[in-house]
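A short reminder: the numbers here are calculations on the coordinates, not readings from a lab. Treat the numbers as computed from the prediction; the structure is a model and nothing was measured. Here the Cβ positions follow ideal geometry from the backbone for every residue, glycine too, while neighbour counts run over all protein chains shown.
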Amino acid sequence: MDIGVDLDRVKEVALHLAQRGPEWKVLLVGPTQGTGVRAPIIRRLSRCSNIEVRDPMPLDALTLEETLAALLPYRRCSITDAVTLANKSMQLLARGLPLLISAMPRYLEAPFVVRLDGSGGTAGAVSAAVERFDALQGPIADYCAANAPESRLQRLVST
């Protein structure tokens, strides 16, 4: 099974969240790589009862009121080495969600981007997202405002 998602990292996050309490869960939406990918993912993650895998769906179809962060757990490879911002990042940020990422060494550096593969590891990244959730809302809103389609158009026109 060749997918970009680091399933070992997902399990690591799920196990850490399970230690925090039974209400802490991981929701994986997708995958979008094809129909043959979903079943192997579910099999690999089945030991973690706090992981739910759903079919691909629009972000607007998800209830995010109890969501702490968006999880972007990619494996390190030449493709992820080039990523500076994942496709859904702006949509997730617009909903006030900090981003928990792995791999992607060129990814946006900002206070609301927390590295699962950083010096604090998974536990440190999750703790940082929990403890700083409220404090990150201002920087997230500022970043979204500065990078809204209207602001990009203004910069393009003035150039």
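Points to keep in mind about this one:
- Dipole of the chain, positive end: most advanced residue of 100, 59, 78 [Cβ charges, Cα centre]: 78
- Backbone phi angles across segment 85-93, fed through the Karplus curve with coefficients 6.51, -1.76 and 1.60 (θ = phi - 60°), yield HN-Hα couplings of 7, 5, 3, 8, 4, 5, 5, 5, 5 Hz in residue order; Gly and Pro are listed as x.
- Segment residue 15-residue 159, length gained on full extension (0.36 nm per residue, minus Cα span): 46.9 nm
- Order by protection proxy (mean Cβ within 10 Å, highest first), peptides 135-148, 100-113: 100-113, 135-148
- Residues of segment 89-132 falling in the label zone of residue 52, defined by backbone nitrogen less than 20 Å from a point 7 Å along Cα to beta-carbon, are 92, 95-98, 100.
- Sparse packing (at most 15 other Cβ atoms within 10 Å of the Cβ) combined with a DSSP loop state is found for the following trypsin sites (Lys or Arg not before Pro) in segment 36-88: 47, 76, 88.
- Taking amide H positions as modeled 1.01 Å from N, with prolines and chain starts lacking one, the residues under 5 Å from residue 72 and 5 or more places away or on another chain are 100, 101, 102.
- With distances taken between every two different alpha-carbon atoms, segment 76-159 has a Kirkwood hydrodynamic radius of 13.8 Å.
- Average 1/r across all pairs of distinct alpha carbons in the chain, invert it, and you get the Kirkwood radius: 16.7 Å.
- The chain: relative contact order in percent, alpha carbon pairs under 8 Å with at least 6 residues between: 19
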